[in-house]
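Inspection log for the structure reproduced underneath, given as structure tokens.
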Amino acid sequence: MWLLGSIHEEAKPHLKKFWRGNIRTIGFARDVEKYLSQATIHIFPSQLEGSAKVTYEAAACGLPQVVTRESGDVVRDGVEGIIVRPGDVNAIAGAIEHFYQHPRIVSEMSIAARKRVVENFTWDHFRERLLGAYEMATQML
């Protein structure tokens, strides 16, 4: 397990309590795709995020994800990943266990995740939506 980004102070005692040799704390990484491209799944159970860029990056790398609704809309529950309630540690653990026990589902969701990004969330899609919004706004003036 790799932990990218900062680790909140309140999490450090728990991390220390459950530490294992296969856990690595990376910290902030500018080249997040380097880590995502080596991963099997991505876990981002945000409690307040909006639409996290990292969920799009993980999907672009073909990673099934464990997320919350608060992480954004790139993941559809049961298609590109598993959506859990914010703060539900048991649901997060259950989703990870589910992926571990069902590698075929991981493979299927991996393909679906990459396809969803390619078909809906490229920079070209973003540009088209942004220009469309500008056009609508100028028509209202």
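The values are calculated or read from the model by the stated rules, or taken from the named source; none is laboratory data. Not measured: the values here are computed from a predicted model. For neighbour counting, all protein chains shown are included, and Cβ atoms are generated from backbone atoms with ideal geometry for every residue, glycine included.
Computed quantities for the displayed model
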quantity	calculated
Residue count, the range 4-43 (criterion: among the basic types (Lys, Arg) and surrounded by 13 or more Cβ atoms within 10 Å (Cβ to Cβ))	0
Sole exception among (1) over 19 Å from Val118 (Cα atoms); (2) under 11 Å from the mean Cα position of the chain (by Cα) for Arg30, by number	(2)
Options Gly81, Gly94, Gly87; residue that is under 13 Å from the mean Cα position of the chain (by Cα) and in the same structural domain as Thr40 (by TED's automatic domain parsing)	Gly81
Scan of the range 44-96 for residues that are surrounded by 14 or more Cβ atoms within 10 Å (Cβ to Cβ) and assigned to a strand (DSSP E or B), ordered by number	Phe44, Gln65, Val66, Val67, Gly81, Ile82, Ile83
In the range 53-100, residue nearest to Thr122 (Cα to Cα) [restricted to those that are of a type in the set (Gly, Ala, Ser) and without any contact (Cβ under 8 Å) to a residue 24 or more places away in the chain]	Gly72
